[in-house]
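The values are calculated or read from the model by the stated rules, or taken from the named source; none is laboratory data. Keep in mind it's a predicted model, so treat the numbers as computed, not measured. Backbone-built Cβ (ideal geometry, glycine too); neighbour counts: all protein chains shown. Calculation scope for accessible area: heavy atoms of the full protein, side chains included, ligands and nucleic acids excluded. Shrake-Rupley method; radii C 1.70, N 1.55, O 1.52, S 1.80 Å.
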Amino acid sequence: MEYGITAQERGKDVHFFINWSPLEVADRWAINAKVPSVAGVYEIYWMDEQKHLRMLSVGCTHYGGLRTEIRRLTDPELTDDPGAKKILEDEEIWFRYAPTNSAAAMADVVWFFRKTYFPENPGVSHSGRYEKIYMNESAPDKLIWVP
């Protein structure tokens, strides 16, 4: 299965189709072996005591690619954030990704997710190309996470 992001424009609206990679436990060796060094969107989760995934991060990366960014964000030795460092040290970390070469598509997709997950403060802006953004996700595993 090929992972990635495609878009279908409909006038001033867009419908993105995201085909996620399988969820993987964040292990430096697995990341180096499996994650491509290309631009794309990622989601990072941690597993709580009740075996529920909790969102840690959603974002995109351009330079250095998915491999470098996921590796950096999942390694407690590479983070400067004390809150994230504690989670990375104590919890099981999971990730998934979807490559794309379009910086504008990454901006729209990340904005959509962050606006959906964190409506009070998405922290990013969309590309401004569309009036409405719609999303359709496909993944090889069923993901249920707790905010």
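For the reader, a short list of remarks on this structure follows.
- Within the assembled protein chains, the solvent-accessible surface assigned to Met135 is about 40 Å², based on a 1.4 Å probe.
- Accessible area of the chain divided out per residue, in Å², using a probe of 1.4 angstrom: 56 Å²
- To the nearest 10, the accessible area of His126 is 80 Å² with a 1.4 Å probe.
- Within straight-line cross-link reach of Lys51, lysines at Cα separation under 26 Å, skipping those fewer than 8 residues along the same chain: Lys34, Lys85, Lys86, Lys115, Lys142
- Computed P(r) (all Cα pairs; the chain; 5 Å bins; percent): 2, 9, 19, 22, 22, 15, 7, 3, 1, 0
- Value of relative contact order over the chain, rounded to a whole percent, pairs C-alpha under 8 Å and six or more apart: 34 percent
- When each of the peptides 127-134, 38-45, 6-13 is scored by how many other beta carbons lie within 10 Å of its residues on average, the order from highest to lowest is 38-45, 127-134, 6-13.
- Only Lys, Arg, Asp and Glu carry charge here, each on its Cβ (+1 for the first two, -1 for the last two); on that basis the chain has a dipole of about 460 debye about its Cα centre.
- Proximal aspartates and glutamates relative to Lys132, as straight alpha-carbon distance under 19 Å, when same-chain residues fewer than 8 apart are discounted: Glu9, Asp13, Asp108, Glu120
- Compactness of segment 1-51 - radius of gyration and Dmax, Cα, Å: 15.0, 46
- Carbon and sulfur %, accessible surface of segment 38-147 computed with the full protein complex present, 1.4 Å: 50 percent
- For the chain, the longest principal axis of the Cα atoms and the long axis of helix 103-117 meet at an angle of about 70 degrees.
- Taking the chain as a Gaussian network of alpha-carbon nodes connected by springs under 10 Å, the highest mean-square fluctuation of the residues Asn101, Asn32, Asn121 belongs to Asn121.
- Per-residue HN-Hα couplings for segment 53-62 [Karplus 6.51, -1.76, 1.60; θ = phi - 60°; Hz; x = Gly/Pro]: 7, 10, 5, 9, 7, 9, x, 9, 9, 10
- Positive-end ranking of Pro76, Val124, Leu143 along the dipole of segment 44-147, with charges on Cβ about the Cα centre, is headed by Val124.
- CD proxy at 222 nm, helix term only [per DSSP H run n ≥ 4: -39500 (n - 2.57); per residue of the chain; nearest 500]: -8500 deg cm²/dmol
- Positive minus negative residues near Arg54 (Lys, Arg vs Asp, Glu; Cβ under 12 Å): -4
- Glu92 accessible area, 1.4 Å probe, all protein chains in place, Å² to nearest 10: 80 Å²
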